[in-house]
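The values are calculated or read from the model by the stated rules, or taken from the named source; none is laboratory data. Values in this document were obtained by computation on a predicted structure and should not be read as measured data. FYI the Cβ positions are ideal-geometry reconstructions off the backbone, even for glycines, and counts take in every protein chain you see. Only protein heavy atoms, including side chains, enter the accessible area calculation; ligands, DNA and RNA are left aside. Shrake-Rupley method; radii C 1.70, N 1.55, O 1.52, S 1.80 Å.
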Amino acid sequence: MPASVPQSPTLTDDDETPASPVAIAGPAHLLRVTLLMAGSCLPILGAVLIAPVLPKMQDHFASVPGAKALVPLALTVPALALALLAPFAGVIVDRLGRRRLLIVATLLYAVFGTAPLWLESLGAIIASRALVGVAEAAIMTCCTTLIGDYYSGQRRVKYLALQTMCASASATVFFVLGGAVGSAGWRVPFWVYAVSLVLAPLMASSLPAP
């Protein structure tokens, strides 16, 4: 008799790709997803947080030549740096390692983001904002890549969609937050960038190496 050919097991929606290399349930999984979503919101924080205090910045730097054009640049230059670096970020992430680069970029995000608290020169503030954009490019690319590393199939699609939703929803939250804390002074919203100092050690301890 010819040997019987074993039948392949029926695949479910969650089994259409290889199993995830990390836990997909429990507190560790929830913390990991939360950190990746929070990290994905940091570039949005950089883009909208200081928008409500731009008029106060205009008044503060009114004596600086070209302030009317330079002050709005402090808001837009992070997004410009992010857009310029995005095509190259993937290569850099692959060379340096996603998890390590994410932790370093999150720490630098706090350093550059809070720099306007003590910088007096408008030019120096704009330069620090450009460096925030560099950190944002690394953070966004690392978070997206780690989602792809940790999850597969429908779970990967689910968390990539959740990432987009969280980033979009956070824009309104950060704009309102910037207006609320900005009532105390135009520099005050820059303290919010220090939140990444809380995220970085949690990422170091809770995100496994892919």
Roughly how many percent of the accessible protein surface of the chain is carbon and sulfur, given a 1.4 Å probe and a whole-percent answer?
71 percent
Computed over the chain: longest principal axis from alpha-carbon atoms vs helix 27-48 long axis, angle to nearest 10 degrees, is 30 degrees
Given a 1.4 angstrom probe, what's the average accessible area per residue across the stretch 83-210, in square angstrom?
47 Å²
Within the stretch 116-133, backbone nitrogen closer than 11 Å to the virtual label 7 Å beyond the Cα of residue 64 toward Cβ:
116, 119-129
Per-residue HN-Hα couplings for the stretch 59-72, Karplus 6.51 cos²θ - 1.76 cosθ + 1.60 at θ = phi - 60°, whole Hz, x for Gly and Pro?
5, 5, 9, 4, 7, 7, x, x, 4, 4, 8, 6, 4, x
So, with +1 on the Cβ of K and R and -1 on the Cβ of D and E, and no other charges, what is the size of the charge dipole of the chain about its Cα centre, to the nearest 20 debye?
360 debye
Only helices counted: for the chain, with every DSSP H run of 4 or more residues adding -39500 (n - 2.57) and the sum spread over all residues, [θ] at 222 nm is -24000 deg cm²/dmol
Here are some values of Cα Rg over 2.2 N^0.38 Å: [x] 1.14; [y] 1.25; [z] 1.10. Which one was computed from this structure?
[y]
